[in-house]
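Any read-out appearing in this document is the output of simple, stated calculations on the displayed coordinates, not a laboratory observation. Please read all numbers here as calculations on a predicted model, not as lab measurements. Cβ sites come from the backbone with ideal geometry, for glycine too, and all protein chains shown count toward neighbours.
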Amino acid sequence: MDTNVDIMKDLKIPDFGKYSLIAGILLILLGTVGIILPEFMSLEATILIASLLLIGGVFWLIHSFKSHSKEWTEWLKPVLLLITGALMLFYPMTGIATIGLLMVVYLLLDSYGSFMMAYSIKHKKGWGWMVFNGIVSLLLALLFLIGWPASSLLLVGLYISISLFFDGWALITVYWMQRKLTKDKSV
C-alpha cells in the first residue's frame, strides 16, 4: 500500500500538510479583523510597505558604500527608497492614498487583461466569467477613484482583508480536498 506521500508524488500534487490548515485559519482570522477594522488594516499595510522600503534602502545603501561607488546614480536608488519609506511613515494618510491609487492602476490593468482574455476566447466555455471578472475589476477601480483619496483609508483595508480572508479559505479547501484525496487513494 502506498503512503500518502507516495500517492501525492504519483498524482504530482504538492503536499500542503497541516501547516496550510493553520495558515488558512490565521489568514481567515486576520482577514476578519481587517474587515471589521479596515482603517487599521490600511495603516498596517502602509507601515509594512514603508518598512520594506526603508530596509531595502538601507541594504542598497550598504551595497553602494561597500562597492566604493563614485557615481551619483548608484546612490540615487537607496536615497529614493529611504525618502519614500520615511515619507510613508511620517505621512501615513498620504501613503494610504498612494496605495489606493496604485490599486486603481492594478485594477484597471486587471480589467483590461480580463476583457482581452475574454475576447481571445470569445464564445468558448468560460469566456463569460472573464468578462464578469473584468467588469468587477473595473467597478472596483471606479469605486476607488470616485472617493479618492478619502475612500482609500477604508477601501485599501477592505481590499487587503477580503483577499486575506479568501486566501485563507482557499488554503483550507485545498487542505481538505487533498486530505480527502489521499484517504480515497489509500483505501
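Please state the relative contact order of region 4-186 as a whole percent: Cα pairs under 8 Å, 6+ residues apart? RCO, region 4-186: 40 percent. Between TRP176 and VAL131, take the C-beta separation as r, use R0 = 25 Å, and let me know the FRET efficiency to the nearest 0.05. In this case the efficiency is close to 0.20. Give the calculated FRET efficiency between LEU139 and THR73 to the nearest 0.05, with a Förster radius of 45 Å applied to their Cβ-Cβ distance. About 0.60, to the nearest 0.05.
The ranking of TRP129, TRP75 from fewest to most other beta carbons within 10 Å of each one's beta carbon is TRP129, TRP75. Helix 152-186 and the longest principal axis of the Cα set of the chain meet at an angle near 30°.
Between ILE47, ILE121, ILE162, the Gaussian network model of the chain with springs among Cα atoms under 10 angstrom shows the greatest mean-square fluctuation at ILE121.
Stretched out straight at 0.36 nm per residue, the stretch from MET116 to LEU89 would grow longer than its current Cα-Cα span by 5.9 nm. Shape analysis of region 4-186 yields a ratio of the Cα radius of gyration to the Kirkwood radius, Rg/Rh, of 1.09. The charge dipole of region 4-186, taken about its Cα centre with unit charges on the Cβ of Lys, Arg, Asp and Glu (plus for the first two, minus for the last two), comes to roughly 600 debye. As a proxy for reagent exposure, ranking MET93, MET130, MET88, MET117 by other Cβ atoms within 10 Å from fewest up yields MET93, MET117, MET130, MET88.
Taking other C-beta atoms within 10 Å as the exposure proxy, SER151, SER67, SER111, SER51 rank SER67, SER51, SER151, SER111 from fewest upward.
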